[in-house]
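Structure first, then comments.
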Amino acid sequence: MMDISARNMRIGHLIDSPDIAPILAKWFIDEWGPWYGPNGQGNAESDLAECSSKNKLPICLIAVDENGQMLGTAALKTKSVGSELGVGPWLAAVLVSQEHKGKGVGTALVKAIEEEAARLNFPSIYTSTDTAEGILVRRGWHAFGTTQSLRGPVLIYRWQVKDTTVSTAQ
Ligand SMILES: CC(C)(COP(=O)(O)OP(=O)(O)OC[C@H]1O[C@@H](n2cnc3c(N)ncnc32)[C@H](O)[C@@H]1OP(=O)(O)O)[C@@H](O)C(=O)NCCC(=O)NCCS
């Protein structure tokens, strides 16, 4: 399988590419209909509009190819599924386009969010998932607990910034 990561991919902040927000909103609605769809509590447009700073949460990153085509996205937020446990911030809204899945884009986005957490001096970050466990475990995230999502039970993982910046740097 081709790994498109370093050579053809650029990861940046959504606020530097505002034209992409409407495309992302549609991705969110298509992927997470029970939350962002017409009957859900979430609002994709306003969630993305809140990502208005590089130094204050929420922060949204996008991965694009050499032609500016969207490959994927990930965010660092104060709240997500699991924040009722009183911890955070949260790696959330990780999404890769269907045609680019399995090529390392998701892994690169998780790494980029870890780097953002380190840049912003967070001691640790969390995420809840039932789909990205492989990426997280390979990158040194540890299961922390469980919570309930709209899809059912999900595991919560924690990544400690200081522990893993040394061991996973590559
Ligand atoms: C989960 C998700 C973000 C992963 O994105 P991705 O770009 O496919 O992730 P990667 O390519 O980095 O890794 C995915 C798998 O492909 C494999 N892979 C990555 N690069 C590879 C390569 N060059 N060759 C072979 N396999 C590769 C990885 O080993 C991994 O497998 P595993 O996790 O099952 O063990 C994506 O599937 C997605 O958008 N899912 C829907 C939304 C969602 O569930 N988001 C997460 C919860 S918020």
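The values are calculated or read from the model by the stated rules, or taken from the named source; none is laboratory data. This is a predicted model, so every value here is computed, not measured. Quick reminder, even Gly has a Cβ in these numbers, built from the backbone with ideal geometry, and neighbours come from all protein chains shown.
For region 73-86, the candidate set comprises residues that are touching a Gly at 6+ places or on another chain (Cβ under 9 Å) and closer than 16 Å to GLU114 by Cα; within that set, the residue that is farthest from the ligand (Cβ to nearest atom) is THR78. Highlighted here are the strands (runs of 3 or more DSSP E) found entirely within region 65-152 that include at least 2 residues which are without any contact (Cβ under 8 Å) to a residue 24 or more places away in the chain and farther than 17 Å from LEU14 by Cα: 142-149. Got at least one residue in region 91-112 being over 22 Å from PHE28 (Cβ atoms), more than 14 Å from the chain's Cα centre (by Cα) and either surrounded by fewer than 21 Cβ atoms within 10 Å (Cβ to Cβ) or aliphatic (A, V, I, L, M) (or both)? The answer is no, given that none of the residues of region 91-112 is over 22 Å from PHE28 (Cβ atoms), more than 14 Å from the chain's Cα centre (by Cα) and either surrounded by fewer than 21 Cβ atoms within 10 Å (Cβ to Cβ) or aliphatic (A, V, I, L, M) (or both).
Scanning region 37-48 for residues that are over 16 Å from the mean Cα position of the chain (by Cα) and in a helix (DSSP H, G or I) gives GLU45, SER46. Here's a check for you: in region 87-119, which residue that is more than 23 Å from ALA21 (Cα to Cα) and of a type in the set (A, V, I, L, M, F, W, C) is farthest from the ligand (Cβ to nearest atom)? Taking the candidates together, the pick is ALA118. In region 153-164, of all residues being at pLDDT below 95 and over 12 Å from THR129 (Cβ atoms), the one that is surrounded by the fewest Cβ atoms within 10 Å (Cβ to Cβ) corresponds to LYS162. The single condition among (1) among the hydroxyl-bearing types (Ser, Thr, Tyr); (2) within 11 Å of the ligand (Cβ to nearest atom); (3) surrounded by 15 or more Cβ atoms within 10 Å (Cβ to Cβ); (4) at pLDDT below 95 that THR127 does not satisfy is (4). Taking region 59-72 as the range and being away from the ligand (no atom under 14 Å from the Cβ), over 12 Å from the mean Cα position of the chain (by Cα) and of a type outside the set (Gly, Ala, Ser) as the test, the residues that pass are GLU66, ASN67, GLN69.
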